Amino acid sequence: MSVPEVAVVGFAQSPCRVREDATASGVEMLVPVFAEVFREVGLTRRDIGFWCSGSSDYLAGRAFSFVSAVDAIGAVPPAMESHVEMDAAWALYEAWAKVLVGEAEIALAYGFGKSSGAELRRVLALQLDPYLLAPLWPDSVSVAALQARLGLEARRWTEKDMAEVAARSRAAARSNPDAQVSGSVAAAELLGRPYVAEPLRAHDCAPVGDGAAAVIIASADRARELCERPAWISGFAHQVDSGSLGARDLLSAPSAVGAARAAGAGSVEVAELHAPFSHQELLLREALGLGDGVAVNPSGGALCGNPMFAAGLARIGLAARAVMSGRAGRALGHATSGPALQQNLVCVLSGEAS
C-alpha cells in the first residue's frame, strides 16, 4: 500500500530579535505570522483542519502557557488542536501524521519562544538528568563547550574551523531579513575575540532572541490546488539518544544518523541545519553525510537567529521554501532538541511527488 503524499505549501516566520513588546504567551508574535502564511497560501483559519504548536512552559514561567497562544488562532470556529513541549518541528511531525491518516486535509504547525524573558542558559539546565546533573546547574553553553573541547582534543575540528562556520553563516544571513545577526567578518578577526565558555566565543553560540514560525502542510490534492510547486515530504523521522551526558559519545550523533537514514536523506542540494553552536554544524555535516556540494544554512542558520521552539521548524520551512521557489530540487530540514544534540529530526523535501 502506497503512503499518502503530503507537502509543505506555506511558511512564514517573524524576525528574530529581542522583543520588549511581546509577552511570553506568544500571541503578539503569532498573529502577524499567521496572517502572512495565510496570505501566501490564500487560506483563512477556517480552512485549517488541525493545529499543533511547540513551546515551553519552563521558558514562559507558568503551567499550560501554550493555552494562551491559542488566542492567536481564534475561538470560532472550534479547532482541533494539540501541543508538544519542544521545538515545533516535532509539532509538524504530529501534524504530518494527522494528514497521513486522513484526519485532516490541511494542517498548520507553529512554534514560538520568548527567550529574552528568562536566563536561557539556566532554563535549559532543567532538561538535564534531575538527579546527577541538574542540581549542579551546568548551563547550556557550558555543556556545549565540553562537547566542543572534546572535538578539539580529538582533532575533529579546530577553533579556526569553528570561526569559519560563524563567518560564513553571518555572510549568508545578509540576505535573510529575519536574521538577528549578519554581516561580513573574517574568521581571523573572530578568533581574536574573548571566550564566553572556553573554547566557545560569542560567535560560536546562537544569539538569544524571540520569534515565531508557522508551516502549512496539505494532502496531495489540496497541495496541488494551493501551491504551484509544493515541497513534497519524501521522508520524515526523528530519534533520540540517552539523556545522560556520560552515557553517550558526545562526538557522534547516532540519533541524527538514524533519523537521516530512516527519512531516506540521500543526496540533497540544500540543508538547513539546526546547529545552535558552530562546532555542531561540523558534527552534523558528518553525521548526515553532507558533502562540499551541499549548500548548508544559506539562511545563516541558528547561529544568526535561534528563537527557541521555532528555530527547528524554521529550518524545515526554509528548506521547503528553497524547493517551492525552484532553487533546489531536493532539500533537507533538521531540528535538534536536548543537550549536545541529544534528539534529532530530519525532514526531506522534494520538488517532485513520489
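Tell me, please, whether a residue that is closer than 24 Å to residue 94 by Cα, charged (D, E, K, R) and open to solvent by less than 40 Å² (accessible area, probe 1.4 Å) can be found in region 242-264.
No, because not a single residue in region 242-264 is closer than 24 Å to residue 94 by Cα, charged (D, E, K, R) and open to solvent by less than 40 Å² (accessible area, probe 1.4 Å).
Is there any pair linking a residue in region 23-38 that is closer than 17 Å to residue 65 by Cβ to one that is surrounded by fewer than 17 Cβ atoms within 10 Å (Cβ to Cβ) and modelled with pLDDT under 95, with Cβ under 7 Å and at least six apart or on different chains, and which?
Between residues of region 23-38 that are closer than 17 Å to residue 65 by Cβ and residues that are surrounded by fewer than 17 Cβ atoms within 10 Å (Cβ to Cβ) and modelled with pLDDT under 95, the close pairs are 24/61; 25/68; 27/68; 27/71; 28/21.
Residue 55 - would you say it is closer than 19 Å to residue 210 by Cα, at pLDDT below 85 and not basic (Lys, Arg)?
So residue 55 does not fit the description; no.
Given region 161-244, what strands (runs of 3 or more DSSP E) lie entirely inside it while holding 2 or more residues that are under 30 Å from residue 129 (Cα atoms) and without any contact (Cβ under 8 Å) to a residue 40 or more places away in the chain?
Where strands (runs of 3 or more DSSP E) fall fully within region 161-244, none carries at least 2 residues being under 30 Å from residue 129 (Cα atoms) and without any contact (Cβ under 8 Å) to a residue 40 or more places away in the chain.
Select from region 140-170 the residues that are among the hydroxyl-bearing types (Ser, Thr, Tyr) and open to solvent by less than 60 Å² (accessible area, probe 1.4 Å) and write down the one among them that is farthest from the chain's Cα centre (by Cα).
142
The values are calculated or read from the model by the stated rules, or taken from the named source; none is laboratory data. For clarity, every value in this text was computed on a predicted model and none was experimentally measured. Cβ: placed from backbone, ideal geometry, glycine included. Neighbour counts: every protein chain shown. Surface areas here come from the heavy atoms of the whole protein model, side chains and all, with no ligands, DNA or RNA. Shrake-Rupley method; radii C 1.70, N 1.55, O 1.52, S 1.80 Å.
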